Amino acid sequence: MTDSLRTAVRQAVDLVPDLGTWWLALALAPLLLAAVTLLAAGRWGEEPGYRSVRTVSVGAAILSAVGVAGTSLHRPRLELPWIDGLGVWLRLGADGLSIPLLLLTALVGVVAVSLHLHVPQPHRPEAPDEEGIATTSPIPVVRGTDVPGLATYHACLLLVVLGALVAFLAGDAILFFVGLELVLVPMWVLVARYGDPGARREGAALRFLLVTVVGSTLMLVGLLGVATLVGTSDLSVWAAQGGAGLEPRTQVVLAAILLLGLGIKVPVFPLHTWLPWVHSTAPTAASVLLAAVLLKLGTYGMVRLVVPVVPDGFSALAPVLGGLGTVGIIWASLACLVEEDLKRLVAWSSVAHLGFVVLGLSTGTQTGLQAALFGNVAHGLISALLFVVVGGLKHRWGDARFTVARAALRETTPHLGAALVLGMAASMGLPGLAGFWAEIGAIYSAWAPADDRPDGWFRLFAALAAVGGALAVAYSARVLHEVWSGDRLEPRVPDAVRTERYALRTLGALVLAVGVLPMLLLAVTAPVTELVVGR
Amino acid sequence: MLFVAVGLLTAGSGLLAVTSRQVLHAALWLVVALAGLAGCYLVLGAELVGLVQLLVYVGAVVVLILFALMLTRSGGVPVVTGPAQRGAAALVGAGTTVLLGGALLAGSGWGAVQVAGPTNTQVAEGILGTYVWPFELLSGLLLLALVAAVAIARTPTGGREGET
Amino acid sequence: MSVVDWPDLTWSDLQLPSLPALPQISIPGLSVPDFWGAPMQWLVLVPALAALAGITLSGRSNRLAAWIAVGGGIVTWLASLWQLRVLLAVDGHHASGSVGPLPLGELDVPLGLAVTWPLALVAATVATVALVVQVYSRWYLWYDPKYPAFAATVSVFTAAMLLTVVADDVILLVVGWEVMGWCSYLLIGHHSTKTAARRAALKALVVTRTADVGFVLGMVMLAAGARTTSVSGIVEHWAAEAPTRGLVLALVLVVVGVAGKSATFPFQDWLPDAMEGPTPASALIHAATMVAAGTVVLVHLFDLLAVTGPARVLLALLASVTLLGGAVMAFAQADLKRLLAWSTVSQVALMLAVLAAATPHTGPDAAAEHLVAHAWFKALLFLATGWLAVLVGGTAMTTVASGARRYRVLRRRFAWGLLALAGVPPFVGFFSKELILGTAESAATGSGGLASVVVLSAVGASAPLTAAYCMRAWLVLDRPTQIEQHAVTYQQEPVERIDDFFDEPQVVHEAEGLERAESAISSSARSGTTLLAAMTLLGSLVALLPVWRVDVHLNLQLLVATLLLMVVAALAVRLAARGVRTRDAAARIPARASLAAERGLGADYAYRLLVATPVVALARAVTWFDREVLDAWVRGAGAGSRLLGQAGELLTPRRATPALALVLGGVLVLAALGVVSR
Amino acid sequence: MIRPALPYLLVAVLAGLGVYGILARRHAVLVLIGVELLLGAAGLLLVTVGQTTTATDPAAATSGQVLTLFVITIAAAEVVLALALILALFRARGHVDLHADLDPREEAAR
């Protein structure tokens, strides 16, 4: 049954022309051009209307997505000398490790760009005794409107996507770093300028910038360390050498620096405190990008820059990393049980899910790595879905906290409700949806880690991770219990508008497809994991 | 030797140009220093450069500086900074001299070499051949500087003079 | 020395003679294309696709949703029959693939499917019950705007259960297992505007998922040892050596998970609360899916369970406690649905008990057979109760009193269901329970050890208890009505069929006459219950099919003794009910005791005290610590950089010349460094 | 025959004097005089190197003088601009004292 389908798909794929490195250009150039155009347009006299801005940026994102799809299909490689004096080359290319994330980035980019930007309303102070809201409470506007600075906003979104794509495509450590940094500043602008004014957005934005810049600095130090020791910044050379010729002690130091820097970006347990703040402040699209793309850069960096490059150092630190990941799972899930703000809650759940990813990574087995890579993409899809819903809800309610008076989603806004149910189900690791395979894979691989890992500890981690899975069910059910079901019908809020519906359907369908047919993803990453671990 | 004499003249007048308490004197000492520099060029066999130096610097620039000095009366403000600042300046200046001199002397050594400069024809060919694009660019730069200077130095419209 | 010379009887003597080998029907030149796959694939795929289609296509149309759901049910049912046919052809074991092996590195994940006779029969039962439930819920939720979601959920539920039944891979078992838990959450909380329903749904999900921690870990351990997730591979690997501590731990954990899903002590309390869901959902959860899944999983893993002493003893103890406790609790309930719920708790524990008691010699088929039997009669009882509840407006014992008299059409359905539940011959319950008794007895006298002895005594004790609560329910339902008492004779008019499946049902108000009201059910739903009622009797034949792999010696003494005990219990209940207005024997129970029983003996309070409150307190501590301590370094970094900035500002000269001196001096120093270091 | 050490020494001295002049003077025009000396030093260095080089390539051989010419030209342009700026500054502030506080408005706000 599947064989005939496979041939059909292959024939369809063969119809796509191979444009070589032009695919790469198609993936990156539209974003850059559109971002520059939008940035310039706002300063060139009259600000363009929201229709033209949206057309330009959505068009650029879609074009770029097409380019990314072509890149993933034909896997062109581009190598140009860039900074000769430093031996830095402009190496761009996709492999099994980056293709899922590239596609994820392109898709989430389209989703984020197409979401409407709403004027953040000033914070509505809550009187606890006013439980029964008057039926005349204003219905929030959820359609596209002219917002001051809309062009800059879209340009920032495009730049974030561009930076992420560059980082995922990079075949050179310095280029990877450049991509990583390219993401930060527009994201800071998004949070600081377009964030929720009621949530001290400058503070949150500064927190984001400060913390991630610390992470970047550490990472740069680590990268330069490896580059000087290996003698090149070519990632394929790094991976091919596999730490040969590096002292074990040096490897441990390098791995520690890199993991610390990347751990801030992921974020791993004790370094995670910035994430809920930023998420609770950021506008919806920025939250979507932050969760679905930016956090992935950290885990991707671990797989790309640490695991194959300094294997001895990584395996020495792996128990600590796995332990931190596990503590993160439990810690964040517990926090979710009492968190009062819906957006912060979803952010916390991100910490928990990335804990599973980190745990899978640290086991040093192919199974664990596969599960981690799968979890990366799964979390990207799920968190994007959830943030679209939750961000929309926050705008509709005027506040994302559970204390705000609200109607039950199931009764009044069934589309948003269904999406929330799907997202929460996936978030709790329901089989048939994307989250499950990462979770079970991480637990399994922690129970049966690689030979050089301490068995006992990892089994403890596996047990704790399983408990964390149960906690995830508890908090997801809590969210549904509080938000989705209920008998309250007031105050009325509008259901998902068209763009939201399209976004939710696309993401939901992918969550389901990846959950039911995990081999779609696993088959792509399998050769790479064999290379990374199987040596 | 000839160069020693010219050089000493240049250095001495330069010293006076930066230490003189009289504004006008400083400018005049600058004339001497730049003229000395032109002499150095001549001694080194770069006649064209020496002449241009005389023409542009001694002829034009210094006149401009003098004009500026007259236009901007110091208005009772002391010309020279306090002793601490001067001490620091002397330190940095001396440091520059030592560092630069040390580096250059270490590079060249004390031996004598043959002066083998290009002829003026060669220089002209160089300017209009190899370096023609920078040369053309420079003319543009000069024009731009001229226009910009006029624009900046002009009395702002609606300013004090416009009212009277 | 026995008074009567009991004949020596084994189960195989009772079984129907094996069918002669069917003639091979070969259709020449018509090779079945590969595209059609194996029936077990369709068993899972069809309901899943029906759910997907129901959600995406039906929109707001209940009618379309019903077509899709029932159509999917029918195709599933046909697939289950096809499966039986295939099994007949291939001699008892049929394997197939599903979505294909997963490239998960070192771990071998074939994701295979396989069926044997008992499981194929379970699958057929599940498919039938699911179809009946679909048809029934179309009528039951006719005006419900959320019906499409409900129907789709039922379809997913069916798919998950069938997946659990036909899975030959522990990952697939976990998949089906968890999806069922989730679907039960949705179904129980279907009336989400009711606070009680929301709470019950939350409780069901959280309690079962908590126990599932053990299930998942146990499965992971089994797979990790064998380096494969295929059930046959796991059994082969672990059975090859003597039971190790790893195996014991894994199976104990699996048993804990099974206990959660099967509502066995100490996780029993979610199931009675789950009565808040619509009745069709209850029927599905109780009869064929959810709670029965534990039995199915343990049947899959029976070869390992049977050789692992501690896990068996644990299972036997839990199941025995639940078996007796559930029966007692059922007797004390003041609500018919809750009575049935507790009876489910008890009956499912019976299946688990026999699994604990069975030895490799006797085999696990008694549990599977009771699962099939239980599915028939419990589905029937629930659907009949739902029907009655619609007619009389509630399920409290006082409300449903005389129900079976007022609505004659329900009388036979209730009677047969309760008789089968009590295990009276010749109903299906009798045969399955006899087989259980025989298995336990064989094991207890054989090599079963402590677990079998415990189970045997518990099973023996549970029979009269079951008979007692069945008798109680029947007495209440069958209480003569006022009218009858006055007019003695009851005029039964021919039942009028006034509706059909896809037409809107005409709600006949009581004012038009009680007799006609009984037909206020769609004819298809009605025929569904008729089918189930028939199966409580015809199912006996299924129980006697020669496909059950049982090698059980039947002890006729035990059998007769059990039957006698049941009669005595029933008579005692009858006596106790005399003189009570509602003919409810439970009225004799002290009020405090019955109230406590209705509240589940405070299990809910215990859950909250022992688990929920500490966890939430821990969570609060965690957030406090996170905010005040972990976040400190971020805030500290912010404050620190601000301080640094202020210090830098103080150091910066405020005038141009010194600033320039600093800059040039700095350049000079840098240049000097460059020159010196060269 | 010439010792290149002598012009090099002069270059160093002139540069030092230029730096001293830039740093020690308060009057903006006098600061400019220091700048001129620095530029002169640069020109002298270029010419010296150009005249003593042994390169035969015409582009390299002429580069010393040509670049010095360029430097002189650019210096002229720079002086013109700088003086215009100084004039504008004088108009705005009434003095051209570089030792004054950086920004009076900022000081007032402090």
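What follows is calculated from the coordinates using simple rules that are stated; it is not laboratory data. As the structure is a prediction and not an experimental result, all values here were calculated from the model. Note that we place each Cβ from the backbone using ideal geometry, even for glycine, and neighbour counts take in every protein chain shown.
For C:HIS553 and C:ARG592, FRET efficiency with R0 = 45 Å and r from the beta-carbon atoms, rounded to 0.05? Walk me through the intermediate numbers first.
Values: r = 45 Å, r/R0 = 1.01.
So the FRET efficiency works out to roughly 0.50.
Is the stretch B:1-152 rounded, prolate or oblate when judged by the Cα gyration tensor, a ≥ b ≥ c being the square roots of its eigenvalues, rounded requiring a/c under 1.5 and prolate requiring a/b larger than b/c? Can you show the working numbers first?
Working: a/c = 1.94, a/b = 1.17, b/c = 1.66.
It comes out oblate by the Cα gyration axes.
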**Asked** Given H placed 1.01 Å from N in the peptide plane, which residues other than close sequence neighbours of A:ARG401 have an amide H under 5 Å from its amide H?
**Response** A:LEU342
**Asked** Is there a simple number for the mean count of other chain Cβ atoms within 10 Å of the Cβ of residues in C:179-192, and what is it?
**Response** 4
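Please compare each pair in C:LYS146/C:LYS433; A:LYS394/C:LYS261; A:LYS343/C:LYS194 to a cut-off of 32 Å on the Cα-Cα distance and tell me which ones are over it.
Where the Cα-Cα span goes over 32 Å, the pairs concerned are C:LYS146/C:LYS433; A:LYS394/C:LYS261.
Subtract the Cα-Cα distance of C:GLU649 and C:ARG85 from 0.36 nm times their separation in residues, and report this length gain in nm to one decimal. If you can, show how the numbers build up before the last one.
On the way: separation 564, 0.36 × 564 = 203.04 nm, distance 8.80 nm.
Residue separation times 0.36 nm, minus the Cα-Cα distance, leaves 194.2 nm.
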**Item:** Nitroxide proxy distance, nm - points 7 Å out along Cα→Cβ at C:LEU571 and D:ALA60
**Value:** 12.7
**Message:** Using amide H atoms built in the peptide plane, which far-off residues or other-chain residues are under 5 Å from C:ASP335 H to H?
**Reply:** C:MET397
**Request:** Rounded to whole Hz and in sequence order, give me ³J(HN,Hα) for the stretch A:472-486 from the Karplus expression 6.51 cos²θ - 1.76 cosθ + 1.60, θ = phi - 60°, writing x for Gly and Pro.
**Result:** 4, 4, 4, 6, 4, 5, 4, 4, 4, 4, 7, 9, 7, 9, x
**Prompt:** Helix C:523-543: angle to the longest alpha-carbon principal axis of chain C, degrees 0 to 90, nearest 10?
**Reply:** 80
**Asked** So for the pair C:ARG620, A:TRP22, with labels modelled 7 Å out along Cα→Cβ, what separation do we get in nm?
**Response** 6.5
**Message:** At 7 Å along Cα-to-Cβ for each site, give me the label-to-label distance between C:LEU537 and C:GLU241 in nm.
**Reply:** 5.6
**Sequence-separation-based contact order of chain C, relative, with Cα cut under 8 Å and 6+ spacing, percent** = 13
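Which of the chymotrypsin sites (Phe, Trp or Tyr not before Pro) found in the stretch A:19-110 are in a DSSP loop and have at most 11 neighbouring Cβ atoms, other than their own, within 10 Å?
Numbers: sites: A:TRP22, A:TRP23, A:TRP44, A:TYR50, A:TRP82, A:TRP89; in loops: A:TRP44.
The qualifying sites are A:TRP44.
Distances over 60 Å make up what percent of all Cα-Cα pairs in the protein assembly as shown?
Working: 391672 of 1104841 pairs.
Cα-Cα pairs in the protein assembly as shown separated by more than 60 Å: 35 percent.
Order C:562-568, A:393-399, A:501-507 from most to least packed using the mean count of other Cβ atoms within 10 Å. Working shown, then result.
Working: C:562-568: 16.6, A:393-399: 22.7, A:501-507: 19.9.
Highest mean packing first, the order is A:393-399, A:501-507, C:562-568.
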**Asked** Say we join alpha carbon atoms closer than 10 Å with springs in a Gaussian network model of chain B; which of B:LEU142, B:LEU30, B:LEU64 then has the biggest fluctuation?
**Response** B:LEU142
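For A:273-280, what's the mean count of beta carbons from other chains sitting within 10 Å of each residue's beta carbon? Show your work: numbers first, answer last.
Numbers: counts 9, 2, 0, 4, 2, 0, 0, 0.
Neighbouring Cβ atoms belonging to other protein chains average 2 per residue here.
Efficiency by 1/(1 + (r/R0)^6): what FRET value for D:LEU85 and C:ALA639, r their Cβ-Cβ distance, R0 = 45 Å, to the nearest 0.05?
Values: r = 41 Å, r/R0 = 0.92.
E between D:LEU85 and C:ALA639, to the nearest 0.05, is 0.65.
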**Request:** Would you mind counting up the charge near C:SER232? Only other residues with Cβ under 15 Å from its Cβ, with Lys and Arg at +1 and Asp and Glu at -1.
**Result:** -4
**Message:** Taking amide H atoms as placed 1.01 Å from N in the peptide plane, list the residues 5 or more away in sequence, or in a different chain, whose amide H sits under 5 Å from that of C:LEU104.
**Reply:** C:VAL109
**Message:** Sort D:71-82, A:312-323 by the packing proxy (mean of other Cβ within 10 Å over each peptide's residues), most packed first.
**Reply:** A:312-323, D:71-82
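Order these peptides, A:483-494, C:426-437, by their mean beta-carbon neighbour count within 10 angstrom, highest first.
Working: A:483-494: 18.0, C:426-437: 25.3.
By packing density, highest mean first, the sequence is C:426-437, A:483-494.
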**Complete:** Per-residue average of other protein chain Cβ atoms inside 10 Å, peptide C:625-637 -> 4
**Complete:** Under the Karplus relation with 6.51, -1.76 and 1.60 and θ = phi - 60°, whole-Hz ³J(HN,Hα) for the stretch A:174-188, x at Gly and Pro, equal 5, 5, 4, 4, 4, x, 4, 6, 4, 6, 5, 5, x, 5, 4
**Message:** Just to be sure I follow the definition: excluding the sites themselves, where is the longest run in chain A that has none of the GluC sites (Glu not before Pro) in a DSSP loop with at most 16 other Cβ atoms within 10 Å?
**Reply:** A:132-339
**Prompt:** Where in chain B are the DSSP H helices whose C-alpha atoms run 15 Å or more along the long axis and whose mean Kyte hydropathy is at least 0.0?
**Reply:** B:2-19, B:23-44, B:83-108, B:132-153
**Asked** Which ³J(HN,Hα) values, rounded to whole Hz and listed in residue order, are derived for the stretch C:420-429 from phi using the Karplus coefficients 6.51, -1.76 and 1.60 in 6.51 cos²θ - 1.76 cosθ + 1.60 with θ = phi - 60°, glycine and proline given as x?
**Response** 5, 5, 6, x, 9, x, x, 6, 5, x
**Request:** Tell me what the protein assembly as shown gives for mean residue ellipticity at 222 nm when only DSSP H runs of n ≥ 4 count, each as -39,500 (n - 2.57), the sum divided by the residue total, rounded to 500 deg cm²/dmol.
**Result:** -23000 deg cm²/dmol
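To the nearest 0.05, what FRET efficiency results for C:ASP108 and A:ARG10 with a Förster distance of 25 Å applied to their C-beta separation? List each step's numbers first, then the result.
Details: r = 26 Å, r/R0 = 1.04.
Working from the Cβ atoms, E equals 0.45.
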